[in-house]
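The values are calculated or read from the model by the stated rules, or taken from the named source; none is laboratory data. Here the structure is a predicted model, which means the values were calculated and not measured. No Cβ is skipped: glycine too gets one built from the backbone with ideal geometry, and neighbour counts run over all protein chains shown. Side chains are part of the model used for accessible areas, which takes the heavy atoms of the whole protein and leaves out ligands, DNA and RNA. Shrake-Rupley method; radii C 1.70, N 1.55, O 1.52, S 1.80 Å.
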Amino acid sequence: MSPKELVKRVRELEAKLGQTTEELNGLKKHMRGALSRVGITRFNPFREIGGDQSFSIALLDDRRNGVVVTSYYGRELNRIYAKAIQNGSSEHELSKEEKEAINQAIGKVK
């Protein structure tokens, strides 16, 4: 390969590297908002019914924002609640199980 061809090839590679770097930075920015942290806790809120059929699941992004969903299961009822999570906490009161699911999602496991 001649020196001119080498210079041309290096310039092409530099341009491709610049484009790849821009794309990677865009993906990194986009992924910060993706739900990438999950924590789940199963529990039994009603003593008269057996089994851990109820659960809380936290779905968070890298900034600890997202949602915690809780389902209370009983023979006569099934209730589902969702609470917004900002920076690992909520403006709504969180149950022990919801806090546990959030802590699992952000890596604060006991």
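Observations
- The chain - accessible surface per residue (Å², probe 1.4 Å): 76
- Linear extension gain, Glu91 paired with Arg32, 0.36 nm per residue minus alpha-carbon span: 19.0 nm
- Dipole moment magnitude, nearest 20 debye, the chain about Cα centre, only Lys, Arg, Asp, Glu C-beta charged: 360
- Axis of helix 3-31 versus longest Cα principal axis of the chain: the two differ by about 10°, to the nearest ten degrees.
- Given R0 = 30 Å, the distance between the Cβ atoms of Ala84 and Leu13 translates into a calculated FRET efficiency of 0.05.
- Residues of region 68-96 falling in the label zone of Asn44, defined by backbone nitrogen less than 19 Å from a point 7 Å along Cα to beta-carbon, are 71-79, 96.
- Degrees between helix 96-106 axis and first principal axis of the chain (Cα, 0 to 90, nearest 10): 10
- Debye log10 I(q)/I(0) at q = 0.12, 0.13, 0.14, 0.16 Å⁻¹ for the chain, Cα point scatterers: -0.55, -0.60, -0.65, -0.76
- The peptide list 52-61, 28-37, put in order of mean Cβ contacts within 10 Å with the highest first, becomes 52-61, 28-37.
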